[in-house]
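Peer 1: Questions regarding the structure given below will be posed in turn.
The values are calculated or read from the model by the stated rules, or taken from the named source; none is laboratory data. Worth saying up front: this structure is predicted, and the values here are computed from it rather than measured. FYI the Cβ positions are ideal-geometry reconstructions off the backbone, even for glycines, and counts take in every protein chain you see.
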């Protein structure tokens, strides 16, 4: 069992990507396409303008910000830099200026990006077919490994040891896949009245999530929070969630 603990106020309207760094928590907002850096108390340390379109996913690595630019935005006016295509953008970490950009491996949209620190490679989500794909940004985003997955709507990513967590937003399930084999190592299933996890990040072994959806009858609105899986759950979080399952199912080989 686990508990969701709401943490920081949402800095904008649709938090759709998270990345913890030594500086703070980077938040990609899908409504405005601004990047916010939050301090340890949730205060806004800085706001970064950039050319991301329909931002979905963010990571930091190699001295740069990397964002998922998910194509046509329906929440803000058109900008001259918009292309309505799926890209991974490489941005200056201080100014947000565009340094480089790479088309997504499947040519479609994107919801999750995650820097792999030991290799300097980047994990991204793909829809057609559904997969986690490891790419090399030093070689024009060449595909290094592909892990097919079965669950739909791949979203936020967070590396955790030999595994990588992936939020499957539509079904409210977060799965930890083995980064080499694609084997499912663990899964967290949110109850129906819980948020829909979009962005993910991990800090000190604790998973953080954000929900970009607008309010509905089950939940108050967009939020940023953490998943408390400690034996003695404390704080003012929601009631315990549905389940945590550690799995050792069939291995799906990467290629």
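Peer 1: Quick test for you: out of 71, 112, 62, 86, pick the one residue that is modelled with pLDDT of 95 or more and either at positive phi or in contact with a helix residue (DSSP H, G or I) (Cβ under 7 Å, 6 or more places away or on another chain) (or both). Write out each step before concluding.
Peer 2: On the way: 71 fails: modelled with pLDDT of 95 or more; 112 fails: either at positive phi or in contact with a helix residue (DSSP H, G or I) (Cβ under 7 Å, 6 or more places away or on another chain) (or both); 86 fails: either at positive phi or in contact with a helix residue (DSSP H, G or I) (Cβ under 7 Å, 6 or more places away or on another chain) (or both).
After ruling out the rest, the residue left standing is 62.
Peer 1: Follow-up question, since we're still on this one. Every residue in the stretch 101-123 that is assigned to a loop (DSSP other than H, G, I, E, B) and more than 17 Å from residue 182 (Cα to Cα), please.
Peer 2: First, pick out the residues of the stretch 101-123 that are assigned to a loop (DSSP other than H, G, I, E, B): 104-112, 117-120.
Selection gives 104, 105, 106, 107, 108, 109, 110, 111, 117, 118, 119, 120.
Here is a yes/no grid of residues against (1) surrounded by fewer than 23 Cβ atoms within 10 Å (Cβ to Cβ); (2) within 28 Å of residue 144 (Cα to Cα); (3) touching a strand residue (DSSP E or B) at 6+ places or on another chain (Cβ under 7 Å); (4) free of Cβ contacts under 8 Å to residues at least 24 places away in the same chain:
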position	(1), (2), (3), (4)
21	yes, yes, yes, no
29	no, no, yes, no
48	yes, no, yes, no
76	yes, no, no, no
88	no, yes, yes, no
95	yes, no, no, no
103	yes, yes, yes, no
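Peer 1: Determine which single condition residue 43 fails, assuming it passes every other condition in (1) in contact with a strand residue (DSSP E or B) (Cβ under 6 Å, 6 or more places away or on another chain); (2) modelled with pLDDT of 95 or more.
Peer 2: The number of the failed condition is (1).
Peer 1: While we're on this one: Name, by its number, the condition in (1) part of a strand (DSSP E or B); (2) touching a helix residue (DSSP H, G or I) at 6+ places or on another chain (Cβ under 9 Å); (3) crowded, with 21+ Cβ neighbours inside 10 Å that does not hold for residue 126.
Peer 2: Failing condition for residue 126: (2).
Peer 1: Please tell me if residue 155 is within 22 Å of residue 86 (Cβ to Cβ), touching a strand residue (DSSP E or B) at 6+ places or on another chain (Cβ under 6 Å) and modelled with pLDDT of 95 or more.
Peer 2: Judged against the criteria, residue 155 is a match.
Peer 1: Additional query: Go over the candidates 18, 4 one by one and state the one that is at negative phi, over 15 Å from the mean Cα position of the chain (by Cα) and part of a strand (DSSP E or B).
Peer 2: On inspection, the qualifying residue turns out to be 4.
Peer 1: Can you tell me which of (1) in a loop (DSSP other than H, G, I, E, B); (2) within 18 Å of the chain's Cα centre (by Cα) is the one residue 89 doesn't meet?
Peer 2: (1)
Peer 1: Looking at the stretch 50-59, which of its residues are surrounded by 23 or more Cβ atoms within 10 Å (Cβ to Cβ) and on the phi < 0 side of the Ramachandran plot?
Peer 2: Passing the criteria: 52, 53, 55, 56, 58, 59.
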